1. Can you put 40, 53, 197 in order of Cβ neighbours within 10 angstrom, beginning with the fewest?
2. Let's test the formula: R0 of 25 Å, r as the Cβ-Cβ distance of residue 123 and residue 174. What FRET efficiency results, to the nearest 0.05?
3. How would you rank 128, 175, 79, 93, going from fewest to most other Cβ atoms within 10 Å of each one's own Cβ?
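Read the figures in this text as sums done on the coordinates, not as results from a lab. Just so it is clear, the model here is predicted, and its values are computed rather than measured. Here the Cβ is made from the backbone with ideal geometry for all residues, glycine too, and neighbour counts use every protein chain on show.
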């Protein structure tokens with residue numbers, strides 16, 4: 001996933017882009033403006049014997065990858081940027097429902113499979129991949145700390161969980177939850193994305209993890225363009 005910058009000629013650099021409104025955005029405070037839609041849950045870390053461990057199995061661009069995961073607080077996380085979707089709650093075990101704090105919550109509201117995950121312990125997650133929430137849960141679990149999440153039912157979003165739906169063709173009211181999610185998605189993509197280009201590699205190019213480009217062939221790049229993977233896109237000297 002890239003965040004192209006047409007001003008600098010890079011197809012994914014943040015330099016020169018107008019990103020200040022996203023960098024200064026206060027994610028945590030704004031969810032509180034939607035108390036009827038955004039639900040907050042807190043969980044104590046589960047004993048190790050109750051943590052469910054499994055494998056992700058994902059297929060993308062013809063490749064199948066696997067990764068080990070552990071549900072340290074009794075629930076799983078699905079979708080994410082790997083599927084160009086918002087993160088959603090996966091399997092919810094009975095231990096999770098019994099672990100909700102305060103316990104009164106388990107009678108008033110229930111965490112459900114498919115709920116859209118907005119943040120964990122104040123960390124915004126819209127626009128992140130599935131590894132991000134698991135890393136947060138592992139860190140908190142190792143410290144034996146409580147986990148607090150904010151979610152919204154995908155039904156309230158009219159099942160709109162595709163990231164591209166929050167980046168293109170939609171004009172949301174600034175007072176709406178959809179608009180806040182849109183800002184969060186864009187801010188996360190600017191923060192975590194590597195620039196993507198189809199130009200030839202040069203000797204002085206840095207690797208993506210050091211701020212350099214991710215080089216792809218034309219077929220993959222234009223397939224991504226067609227699926228609206230990019231926040232911004234453009235050409236420079238005949239190259240994307």
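1. 53, 40, 197
2. For R0 = 25 Å, the calculated efficiency reads 0.60.
3. Ranking 128, 175, 79, 93 by Cβ neighbours within 10 Å, fewest first, gives 175, 93, 79, 128.
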